[in-house]
Amino acid sequence: MSAARFKAHVLISGRVQGVWFRAWTEREAKRRELSGWVRNRRDGNVEAVFDGPQAVVEDMISACYEGPPHAQVDAVDTGPWDSDTPDGFHQKPTV
């Protein structure tokens, strides 16, 4: 029996743009076999949706508190995500 799917919407703030945060997030999410997406926001934050087994999603969220080497994460705000997510994980355009 497989683990139930869990979806989380995540907003990461701090110095998270211009430091390869989206590419790092995509690589880490794919390594964990999560579905979802990541994108920059014009307000300087990075937004992501992670979809997968709850323990794996929570592990990915924990990793976002550190991010790639040059990031400085100030906050990681999470909430539920009720919409569909695509298969696989990809980057979306900035909003």
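Quick note: the coordinates plus some simple rules give every number you see, no bench work behind them. Bear in mind the structure is a predicted one, so any value in this text is a computation, not a measurement. No Cβ is skipped: glycine too gets one built from the backbone with ideal geometry, and neighbour counts run over all protein chains shown.
Relative contact order of the chain: 44 percent, from C-alpha pairs under 8 Å at least 6 residues apart in sequence.
Within the listed set Gly18, Gly52, Gly36, the Gaussian network model of the chain (springs between alpha-carbon atoms below 10 Å) gives the highest mean-square fluctuation for Gly18. Placing +1 on the Cβ of every Lys and Arg and -1 on the Cβ of every Asp and Glu, with no other charges, gives the chain a dipole of roughly 320 debye about its Cα centre. If you line up the long axis of helix 21-31 against the longest principal axis of the chain, both from Cα atoms, how many degrees apart are they, to the nearest 10? Tilt of helix 21-31: around 20 degrees. Return the single residue from Ser83, Ser13, Ser35 with maximal mean-square fluctuation; model: Gaussian network over the chain, springs between Cα atoms under 10 Å. Looking only at Ser83, Ser13, Ser35, the largest GNM fluctuation is found for Ser83. When the chain is treated as a GNM, springs tying every alpha-carbon pair under 10 Å, which of Arg31, Arg41, Arg15 comes out with the largest mean-square fluctuation? Among Arg31, Arg41, Arg15, the largest mean-square fluctuation in the Gaussian network model of the chain belongs to Arg31. Of the three principal axes defined by the Cα atoms of the chain, the extents in descending order read 40, 24, 21 Å.
Projecting the Cα atoms of Gln91, Val76, Val56 onto the charge dipole of the chain (Cβ charges, centred on the Cα centre) puts Gln91 farthest toward the positive pole.
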